[in-house]
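Beneath this line is the structure, given in structure tokens, with notes to follow.
The values are calculated or read from the model by the stated rules, or taken from the named source; none is laboratory data. Keep in mind that what you see is a predicted model, and the values were worked out from it rather than measured. Cβ sites come from the backbone with ideal geometry, for glycine too, and all protein chains shown count toward neighbours. Accessible surface is based on the protein model in full, side chains and every heavy atom, while ligands, DNA and RNA are left aside. Shrake-Rupley method; radii C 1.70, N 1.55, O 1.52, S 1.80 Å.
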Amino acid sequence: MINNVPSQGHGTVSVPFLLMAILFNVCLIASNLFETKLFTVAGISLTGGVIIFPVSYIINDCLVEVYGYRKSRLVIWSGFVMNFFVVAMAQIVRLLPASPFWDGGEHFNYIFSLAPRVTLASMLAFVCGSTVNALIMSKMKIATGGKGFSVRAIVSTIGGEGIDSLVFFPIAFWGIGPEEMLKLMVTQIIVKTAYEIMILPVTNIVVHRLKSIENLDTFDRNISYNPFRIKDL
């Protein structure tokens, strides 16, 4: 029987949690690299990041559902730090003199020469969106007594992606018309939410499996939702 406990042991993490956290970080970093690829489906232009970035929200839902908001908060900030580290290292590598026989410098710089404004927008949007996603999942779980995971996952994604878009697009694309910006924001939210809905059967299987393995079903009662209390596990 699964234990409905307030939280997992303070300061401890399990192997499944660790693997989920690693996958979350990989998805976040990879999605930023894939953003340089543009493709069109049914007349709608999207970036390659839309293929993998929603997976980070799905993992976030799983983490909150099984381990609780506090551990999800730790993973969110680890993703922010790791993404910053990769971006910073990429800029250092770009400054290194290229070998005279290597002709890939222009392509390398194209992929990793992110505009500072876009980078800042991406990082802020990720932290804000992911935190809101986790908070909604956690609050709704308490309100529903743990029922209706699928509905909670969809609602939290809409909330998280909405905040993500509200932060990212005005900063990254400042100067474009409000109609164009609104269209971009709505398209991103719809596509990413539809992605989560399509993959919900897999998400449900993962959640049930994790609960069974960990013998855990965390309810975030009497906790602080302060996004900066990272040490509070």
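Residues considered: I29, I51. Of these, the only one that is within 26 Å of H208 (Cβ to Cβ) and either touching an Asp or Glu at 6+ places or on another chain (Cβ under 7 Å) or assigned to a helix (DSSP H, G or I) (or both) is I51.
Within segment 39-57, is there a residue that is farther than 20 Å from N133 by Cα, touching a helix residue (DSSP H, G or I) at 6+ places or on another chain (Cβ under 8 Å), open to solvent by 70 Å² or more (accessible area, probe 1.4 Å) and at pLDDT below 85?
For segment 39-57, residues farther than 20 Å from N133 by Cα, touching a helix residue (DSSP H, G or I) at 6+ places or on another chain (Cβ under 8 Å), open to solvent by 70 Å² or more (accessible area, probe 1.4 Å) and at pLDDT below 85: present.
Of the residues that make up segment 216-223, is at least one under 25 Å from M123 (Cβ atoms), open to solvent by 40 Å² or more (accessible area, probe 1.4 Å) and assigned to a loop (DSSP other than H, G, I, E, B)? No, segment 216-223 contains no residue that is under 25 Å from M123 (Cβ atoms), open to solvent by 40 Å² or more (accessible area, probe 1.4 Å) and assigned to a loop (DSSP other than H, G, I, E, B).
Let's see how each residue does on (1) within 17 Å of the chain's Cα centre (by Cα); (2) modelled with pLDDT of 90 or more:
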residue	(1), (2)
V87	yes, no
E106	no, no
V118	yes, no
A121	yes, no
S130	yes, yes
S138	yes, yes
K141	no, yes
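Looking at the structure I just gave you, is S156 closer than 23 Å to W77 by Cβ, among the polar types (S, T, N, Q) and touching a residue at least 40 places away in the same chain (Cβ under 8 Å)? Criteria met by S156. Count of segment 171-201 residues, restricted to those that are assigned to a helix (DSSP H, G or I) and either without any contact (Cβ under 8 Å) to a residue 40 or more places away in the chain or among the hydroxyl-bearing types (S, T, Y) (or both), is 17.
The rows are residues; the columns are (1) closer than 28 Å to A194 by Cα; (2) surrounded by 19 or more Cβ atoms within 10 Å (Cβ to Cβ).
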{"site": "F84", "(1), (2)": "no, no"}
{"site": "I92", "(1), (2)": "no, no"}
{"site": "F108", "(1), (2)": "no, no"}
{"site": "C128", "(1), (2)": "yes, no"}
{"site": "E161", "(1), (2)": "yes, yes"}
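Yes or no: S212 open to solvent by less than 40 Å² (accessible area, probe 1.4 Å), in a helix (DSSP H, G or I) and in contact (Cβ under 8 Å) with a residue 24 or more places away in the chain? In short, no.
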